[in-house]
Amino acid sequence: QRTVAQYQEEAEQRSCALRRAEKNILEKEEQVDELQRLLAGMEKEHRSLLQKMKEGEAELARLRSVEGAKLAQQDRAAQLEQEVAALREKIHHLDDMLRSQQRKVRQMIEQV
């Protein structure tokens, strides 16, 4: 009877240990499932952030090209303004020379 009682006690202890181990396994499985869920969420967020980053880089490149075109247009406009100013000055000098020549012609005509 003592031996049977010892075997029963050992069996109960092993049964309790087995239940604890099963409980621990279930808890670990739940933790693994939770970690996998979190990991999947992080991967999804990572893909989303990568997509946003690519879109941002594309927008930045577009803006840089637009700004580059604007700078080129501004440079061309400044160059044209300089050319117009130079031409106005030449025209003014030509007008002065023309008036001077006209005066000389009138004086010659008057002298004749």
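The values are calculated or read from the model by the stated rules, or taken from the named source; none is laboratory data. The structure displayed is predicted, hence computed values, not measured ones. Here Cβ is always computed from backbone atoms with ideal geometry, including for glycine, and neighbour counts include all displayed protein chains. Quick note on the areas: whole protein, heavy atoms, side chains included, nothing else; ligands and nucleic acids left out. Shrake-Rupley method; radii C 1.70, N 1.55, O 1.52, S 1.80 Å.
If the condition is being open to solvent by 100 Å² or more (accessible area, probe 1.4 Å) and under 60 Å from the mean Cα position of the chain (by Cα), then the range 88-112 contributes 88, 89, 90, 92, 94, 97. Answer yes or no as to whether residue 18 is surrounded by 10 or more Cβ atoms within 10 Å (Cβ to Cβ), assigned to a helix (DSSP H, G or I), within 47 Å of the chain's Cα centre (by Cα) and hydrophobic (A, V, I, L, M, F, W, C). For residue 18, the condition - surrounded by 10 or more Cβ atoms within 10 Å (Cβ to Cβ), assigned to a helix (DSSP H, G or I), within 47 Å of the chain's Cα centre (by Cα) and hydrophobic (A, V, I, L, M, F, W, C) - is not met. For the range 56-87, a tally of residues being hydrophobic (A, V, I, L, M, F, W, C) and either open to solvent by 90 Å² or more (accessible area, probe 1.4 Å) or over 46 Å from the mean Cα position of the chain (by Cα) (or both) returns 2.
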